[in-house]
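Written below as structure tokens is the structure these notes are about.
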Amino acid sequence: MKIQVLKAVTSANDAIAAKNRQIFNRNKIFVINMMSSPGAGKTSLIIQSIKKLKKKLRIAVIEGDVASKIDAERIGKTGIPVVQINVGGSCSLEAHMIGPALDKLPLDKIDVLIIENVGNLICPAEFDLGEHKKVVVASLPEGDDKPSKYPVIFSEADVIIINKLDLESVLDFDIVNFRKRIEGLNPDAEIFELSCTTGDGINEWCNWLIKEARKKRS
């Protein structure tokens, strides 16, 4: 019975996600669903990306969180359009939540839409939002065993970012081992190593965003 209920929920979600994707494609907007555990650095990465790309891409953000507008306010200070979604008791964003947020955005003036999902490595993997790429942010303080503990989200990711590289010298994080675990689960995933604190690796990530956005607009 639980499996049938879950299938019904995800099927309904996928239908709405498909409609969201039609809206994105019609407006030639490249959309990413950015996921991570709490504190991995999603918001910091978004802010650094905006600073690097503000003159090259028109970026907007949908900010998902359980409560508060703290991260949306931080992002809003960059001057780009941002819409907050508070999910309350839910553990992730779902497709039906995206439509009302899109109504508040200038879709004809956006090249890249970043959806920052709720900090969670389980629930967000279950729900398609209509995005074109799933991006998972992992950070060194979390340990290099996360792909083994949460295989679904790492298996479904198109891009995996290893953040907080500046802490490598003081933490017991084996990047080689982490990469091997990813390759075993998801050999096609693109991997970026970076630090939002020092800026190392940010350019490579931003170049990927530019490339994907241009594909969508061509």
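The values are calculated or read from the model by the stated rules, or taken from the named source; none is laboratory data. Everything quoted here is computed from the prediction, not taken from an experiment. Note that we place each Cβ from the backbone using ideal geometry, even for glycine, and neighbour counts take in every protein chain shown.
Here are the numbers for the structure shown:
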read-out: Condition check for Glu212: charged (D, E, K, R), surrounded by 13 or more Cβ atoms within 10 Å (Cβ to Cβ), closer than 15 Å to Lys134 by Cα and out of contact with any helix residue (DSSP H, G or I) (no Cβ under 9 Å at 6 or more places or on another chain); value: yes
read-out: Residue count for the range 198-218, restricted to those that are in contact (Cβ under 8 Å) with a residue 60 or more places away in the chain and of a type in the set (Val, Ile, Thr); value: 2
read-out: Qualifying residues in the range 53-86 (those that are of a type in the set (Val, Ile, Thr) and part of a strand (DSSP E or B)) - the one nearest to Asp103 (Cα to Cα); value: Val83
read-out: Residue check for Lys42: modelled with pLDDT of 95 or more and out of contact with any helix residue (DSSP H, G or I) (no Cβ under 6 Å at 6 or more places or on another chain); value: yes
read-out: Criterion: surrounded by fewer than 17 Cβ atoms within 10 Å (Cβ to Cβ) and within 22 Å of Trp208 (Cβ to Cβ) - qualifying residue of Lys77, Lys69, Lys51, Lys42; value: Lys51
read-out: Residue count, the range 110-120 (criterion: surrounded by fewer than 22 Cβ atoms within 10 Å (Cβ to Cβ) and not β-branched (Val, Ile, Thr)); value: 3
read-out: The range 51-85: number of residues that are touching a residue at least 24 places away in the same chain (Cβ under 8 Å) and under 19 Å from Arg217 (Cα atoms); value: 8
read-out: Top-ranked residue in the range 13-31 [being aliphatic (A, V, I, L, M) and over 23 Å from Ser218 (Cβ atoms); ranked as surrounded by the most Cβ atoms within 10 Å (Cβ to Cβ)]; value: Ala17
read-out: Residue list for the range 177-218, restricted to those being of a type outside the set (D, E, K, R) and in a loop (DSSP other than H, G, I, E, B); value: Asn186, Pro187, Ala189, Leu194, Ser195, Cys196, Thr197, Thr198, Gly199, Gly201, Ser218
read-out: Flag if Ile153 is surrounded by 14 or more Cβ atoms within 10 Å (Cβ to Cβ) and over 23 Å from Ala18 (Cα atoms); value: no
read-out: Complete set of residues in the range 57-74 that are within 18 Å of Asp111 (Cα to Cα) and out of contact with any helix residue (DSSP H, G or I) (no Cβ under 6 Å at 6 or more places or on another chain); value: Ala60
read-out: Odd one out for Ser36, checked against (1) crowded, with 22+ Cβ neighbours inside 10 Å; (2) without any contact (Cβ under 8 Å) to a residue 24 or more places away in the chain; (3) among the polar types (S, T, N, Q); value: (2)
read-out: Residue in the range 9-22 that is within 21 Å of Glu142 (Cβ to Cβ) and either of a type in the set (A, V, I, L, M) or modelled with pLDDT under 95 (or both) present; value: no
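Conditions tested, residue by residue: (1) of a type in the set (Asp, Glu); (2) under 11 Å from the mean Cα position of the chain (by Cα); (3) modelled with pLDDT of 95 or more; (4) farther than 22 Å from Ala18 by Cβ.
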site: Cys91; (1), (2), (3), (4): no, no, no, yes
site: Pro106; (1), (2), (3), (4): no, no, yes, yes
site: Lys109; (1), (2), (3), (4): no, no, yes, yes
site: Asn120; (1), (2), (3), (4): no, no, no, yes
site: Lys133; (1), (2), (3), (4): no, yes, yes, no
site: Val136; (1), (2), (3), (4): no, yes, yes, yes
site: Ser139; (1), (2), (3), (4): no, no, yes, yes
site: Asp144; (1), (2), (3), (4): yes, no, yes, yes
